Amino acid sequence: MIRLSELARNERCRVVKLFAQGKMRLRLHSFGVFEGEEIRAVRKSVLGDPTMYQIDTTYVALRYEEAFLIGVERI
């Protein structure tokens with residue numbers, strides 16, 4: 001298992017574990033981040049943070065600290 005923040009551009013993964021708690025966990029759920037969901041790293045910003053991810057048909061930008069709270073396995 002790795003953290004979502006370690007994913008390279010255009011890599012795909014599946015969510016294995018959410019380490020977030022409370023409001024952050026609810027925020028990630030509102031984006032569609034659930035265990036078993038597929039995520040693709042789309043692109044990084046010019047300065048490297050945040051990174052844009054595709055979750056199903058939704059695109060979200062997550063900061064490194066947020067992506068670090070998501071445990072994934074590469075597909």
> What spacing in nm lies between the two simple spin-label points modelled at Glu73 and Phe34, each 7 Å away from Cα in the Cβ direction?
Replying inline: 1.9
> In a Debye calculation with equal point scatterers on the alpha-carbon sites of the chain and no solvent, what is log10 I(q)/I(0) at q = 0.20, 0.24 Å⁻¹?
Replying inline: -0.75, -1.12
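Charges at C-beta only: +1 for Lys and Arg, -1 for Asp and Glu. How large is the resulting dipole of the chain about its Cα centre, in Debye rounded to 20?
For this selection, approximately 100 debye.
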> Quick one: Val72, Val60, fewest Cβ neighbours within 10 Å first, how do they rank?
Replying inline: Val60, Val72
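Every number in this text was worked out from the coordinates using simple rules, so none of it is lab data. Everything numeric here is computed off the predicted structure, so don't read it as measured data. Here Cβ is always computed from backbone atoms with ideal geometry, including for glycine, and neighbour counts include all displayed protein chains.
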